Amino acid sequence: MSVRILFKFIAMSSSSSPTPSTSSRATLLQLRIQRYSPSLREKLAQVYGQHENFDTWMQQLIAQVTELAQQRSSDLVELDNQRLHNPDWFLQQDMLGYCTYVDRFAGNLQGVKQQIPHLVNLGVRYLHLLPFFQARCGENDGGFAVASFDQIQDGLGSIDDLLELTSALRQNKISLCADFVLNHIADDHPWALAAKHGDTRYQAYFHTFADREFPDQYEQTLGQIFPQAAPGNFTFNPELQKWVWTTFYPYQWDLNYSNPEVFAQIAIVMLRMANLGIEAFRLDSTAFLWKRLGTSCMNQTEAHLLLQALRDIIEIAAPGVLLKAEAIVATADLPAYLGSEAQGVKECHIAYHSSLMASSWVALAEQKVDLIEAVIAATPDLPAQASWLNYVRCHDDIGWNVLRAEAAGADGDAQLAKQRLKHAALFFSDQSASYADGLQFQSSDPEAVHGTVGMAASLCGLVHSSAAPDPIVAEVTELSIRRILLMYGLSLSFGGIPLIYMGDEFAQTNDRSFLDDPAKSMDGRWLQRPYFDHDAQMHLHDMSRCSSQVFAQLSELIRQRQQLPALAANTARQLLSTDSAQVLGFVRGDVNSAEHLIYLSNFSELARTLDAEKIVRQIPFATNRQVAYVDVLSGELIGQKIDLPAYSQRWLRLLGA
C-alpha cells in the first residue's frame with residue numbers, strides 16, 4: 001500500500017470507532033512504522049551510519065519501539081487516535097500551562113491529585129511537574145540529577161500513584177508533562193555505578209579522559225553553567241581514575257551520544273515513561289547533547305538530528321505525546337528546535353521562548369520596549385503543529401545573555417549589549433537600585449552579566465502577597481500588582497502556550513528559608529521555590545489581600561483569552577508602531593478580517609496616551625472603514641485617544657466582532 005492509501009485507512013478507522021479494535025490497532029501501528037521508520041533511519045544513519053552493525057542496531061531499535069507501542073493501554077491508544085486527527089489540539093487559546101514541584105505544591109503525587117480542582121479553576125490544560133523520578137542521594141540539582149527513570153522520588157509516592165494521577169488528569173483534560181533529562185544522569189545511576197565498577201560497556205556511556213589534554217582543549221571554547229558553585233566542565237573521578245565530562249554539576253555525568261547504545265536506551269526509557277500516562281516531555285538541556293572540539297558544544301547538527309529521531313519514535317509509538325525543548329539559547333538558535341516546515345523537518349512540538357521572557361524583564365527595568373520589539377521581530381512564524389512556551393518565571397534563573405544579539409542593536413555593539421544587560425541584572429538584584437527584590441545567581445566575576453533569581457511578585461516590587469496592604473504603601477502595592485499582570489498579559493497574548501509558575505497566581509514572594517539549609521544554601525534558585533500558599537488559597541474571598549486580587553485579575557485575563565480565537569498559538573502576529581518608546585503594540589489574528597485583536601501595554605511608571613487613529617490605520621481591515629474598538633479587559637469603548645495608565649494593558653477587539 002502507498003502512504004496515501006494507508007493514511008486513508010487511518011481516517012476510515014477513526015470515523016467508524018473512536019477506539020480502534022485490536023486488529024485495527026495493530027494495523028495502525030504498522031502504518032506508522034512504515035510512514036516514519038524510513039525518516040528515522042535516515043536521521044540516525046547521519047549520526048551513526050559509520051558504526052559497525054548499524055543495520056542490525058536499527059532493526060533492534062524498531063523492534064523495541066514496536067514492543068513498547070503495543071504495551072500502551074487502551075485509553076492511551078484512544079488518546080493517540082484522537083490527537084492524530086486533531087493535531088492542533090494543543091494550539092488553541094484555551095491551552096494553559098502550570099509548572100510546579102510536587103512536594104512544594106502538594107506534598108506528594110496523591111496531594112497533586114487533590115489539587116486538580118484548583119488547576120481546573122484556573123483553566124489549566126497542561127501540568128508540568130518538575131523532576132519527580134528518583135534523584136541522586138544528597139545534592140541533586142533540584143531533582144535534575146536522575147538516579148532512576150523507573151522509580152518515583154522517595155516521599156513523593158509510587159508508580160501506582162503516578163498512574164492514578166495521570167488517569168485523573170486525563171479525565172479533567174489536563175496533560176501531564178514530566179522532565180526528561182537528556183544530557184546527563186546522576187553519578188549514582190546504575191549506568192554510572194556500573195562504569196565505576198569497571199564495566200567497559202557502561203564506561204562507553206560517558207565522556208571520560210585519562211588526563212587533562214582533551215579537557216583543557218575543550219575548555220578553551222566551552223562556557224560555564226555554574227561558575228560559582230561548579231566551575232569547569234570536567235570532574236576527576238577517583239574510582240575511574242579519569243576525568244568525566246560534567247557540564248552542570250560534578251555529580252551529573254554527561255551522556256556520550258556518539259555511542260548509539262546510549263540513544264537507544266534513552267529512547268526506550270522515554271517510551272516506558274509515556275506508557276505511564278505522561279503526555280509531554282520537557283527535554284532538559286537539549287542544546288548540549290553533542291560534543292565537538294573547538295565549539296561551544298551547543299546547538300550542534302547532531303543534537304538536532306537526535307531530537308528529530310526522538311520525534312519520529314514518538315510518532316510511531318505514542319503519537320499523542322508532545323516533546324518540549326528546554327533550549328535556553330539566543331533567538332536565532334530557537335527555530336531549529338521546532339523543525340522546518342519548508343524542509344519538511346519536524347523536531348520538538350514546543351520550545352521555550354526564553355528571549356521573550358528575558359526581554360520583558362529588561363523592558364520593566366528600562367521602561368522602554370525596544371528590546372521586546374527586536375525579539376518579536378526576530379521571532380519566526382511557527383511551523384504547523386508547533387508552539388512557543390511563554391513564561392514569566394520558572395524554577396531556573398533569568399539568563400540575560402540570550403539577548404546579546406538584540407541588545408547589541410543594528411550596529412552589533414557588544415559593549416552596549418553588555419551595558420544594557422548588566423543594568424537589568426543589577427536592577428533586579430540590588431534593592432538599593434530599584435523596587436525589585438532578587439538576587440544574583442552564579443557569578444563570581446563582577447564584570448560578568450550574572451543571572452537573576454526571584455519570584456515574579458518580588459521582582460515586581462511586592463513585599464508580601466497574603467497580607468492586606470498598608471495604606472501608606474497602597475500605591476506601591478498597586479503598581480507591583482500591575483507589573484505582575486502586565487508580565488502575564490504579554491505571556492497570554494503573544495502566541496504560544498502561556499505557563500503559570502506555581503505561586504504566581506497568588507503573587508507569592510521570595511522564600512529565603514533555603515539559606516538555613518546547607519544542602520540548598522549554595523543554590524540561589526531555591527529563592528523562587530516556595531511552598532504553595534494554602535492560606536491564600538483558603539482566603540480567595542478576602543479581596544483585601546494582594547493574593548486574592550492577583551488571583552482574581554489573572555483569572556479574568558485567562559477567561560478572556562479563552563474566548564478570543566485570535567490568541568490561539570498559531571495565529572499571525574504583527575508589530576504595531578505606537579509612537580511611544582514605553583508602549584508595546586502588536587496585532588494578533590487576521591488583519592484583513594474582523595478576527596483580530598490589538599494588544600497594547602505600557603511598561604512605564606507614567607501614564608501614556610496614544611492616538612487611536614494612528615494605531616488603527618495599521619490594520620488593513622480597519623482602513624477606510626468606520627470601526628469601533630472595545631477593550632475586552634475593561635469593557636471600555638475606545639475613542640480618539642487610548643489612555644494607558646502606568647503598567648497597564650489593553651486588549652482591543654472590534655465592537656460586535
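The values are calculated or read from the model by the stated rules, or taken from the named source; none is laboratory data. The structure displayed is predicted, hence computed values, not measured ones. Glycine gets a Cβ as well: all are built from the backbone with ideal geometry, and neighbour counts include every protein chain shown. In case anyone asks, the SASA skips ligands and DNA or RNA and just uses the protein heavy atoms, side chains included. Shrake-Rupley method; radii C 1.70, N 1.55, O 1.52, S 1.80 Å.
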Please work out if ALA274 is crowded, with 23+ Cβ neighbours inside 10 Å, under 19 Å from TYR36 (Cβ atoms) and of a type in the set (A, V, I, L, M).
yes
All positions within region 602-619 that are assigned to a helix (DSSP H, G or I) and either farther than 23 Å from ARG561 by Cα or open to solvent by 90 Å² or more (accessible area, probe 1.4 Å) (or both):
GLU613, LYS614
Scanning region 389-398 residue by residue, those buried (at least 22 other Cβ atoms within 10 Å of the Cβ) and either of a type in the set (Asp, Glu) or within 30 Å of GLN343 (Cβ to Cβ) (or both) turn out to be LEU389, ASN390, TYR391, ASP397
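Any chance you could count how many residues in region 364-381 are in a helix (DSSP H, G or I) and either among the acidic types (Asp, Glu) or touching a helix residue (DSSP H, G or I) at 6+ places or on another chain (Cβ under 8 Å) (or both)? I'd like the intermediate steps shown before the answer.
Step one: filter region 364-381 for residues in a helix (DSSP H, G or I), giving 364-366, 370-378.
Then drop every residue that is not either among the acidic types (Asp, Glu) or touching a helix residue (DSSP H, G or I) at 6+ places or on another chain (Cβ under 8 Å) (or both), which leaves 364-366, 370-376, 378.
The qualifying residues number 11.
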Identify all residues within region 549-588 that are open to solvent by 10 Å² or more (accessible area, probe 1.4 Å) and part of a strand (DSSP E or B); write none if there are none.
ARG573, GLN574, LEU575
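Only one residue in GLU219, GLU213 is among the acidic types (Asp, Glu) and open to solvent by 60 Å² or more (accessible area, probe 1.4 Å). Which one? First the steps, then the outcome.
Values: GLU219 fails: open to solvent by 60 Å² or more (accessible area, probe 1.4 Å).
Answer to the check: GLU213.
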Quick check on my filter: what residues within region 512-532 are open to solvent by 30 Å² or more (accessible area, probe 1.4 Å), assigned to a loop (DSSP other than H, G, I, E, B) and not aliphatic (A, V, I, L, M)?
ASP517, PRO518, LYS520, SER521, TYR531
Every residue from region 626-652 that is assigned to a strand (DSSP E or B) and either surrounded by fewer than 21 Cβ atoms within 10 Å (Cβ to Cβ) or acidic (Asp, Glu) (or both)
VAL630, ASP631, LEU637, LYS641, ASP643
Here the qualifying pairs (Cβ atoms under 6 Å; residues six or more apart or on different chains; first in region 240-256 and over 18 Å from GLU302 (Cα atoms); second of a type in the set (Ser, Thr, Tyr) and open to solvent by 10 Å² or more (accessible area, probe 1.4 Å)) come out as LYS242/THR208; VAL244/THR208; VAL244/THR235; THR246/THR235; PRO250/THR235
Every residue from region 192-201 that is free of Cβ contacts under 8 Å to residues at least 60 places away in the same chain and either open to solvent by less than 40 Å² (accessible area, probe 1.4 Å) or over 14 Å from GLU261 (Cβ atoms) (or both):
LEU193, ALA194, ALA195, LYS196, HIS197, GLY198
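Need a quick list: strands (runs of 3 or more DSSP E) entirely within region 247-331 having at least 2 residues that are closer than 28 Å to GLY232 by Cβ.
On the way: elements: 252-254, 280-284, 322-325.
Those strands (runs of 3 or more DSSP E) span 252-254, 280-284.
Given the condition open to solvent by less than 50 Å² (accessible area, probe 1.4 Å), modelled with pLDDT under 95 and under 34 Å from the mean Cα position of the chain (by Cα), answer yes or no: does some residue in region 13-27 qualify?
Yes, there is a match, as at least one residue in region 13-27 is open to solvent by less than 50 Å² (accessible area, probe 1.4 Å), modelled with pLDDT under 95 and under 34 Å from the mean Cα position of the chain (by Cα).
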Picked from region 155-166 (must be in a loop (DSSP other than H, G, I, E, B) and on the phi < 0 side of the Ramachandran plot), the residue farthest from the chain's Cα centre (by Cα) is SER158
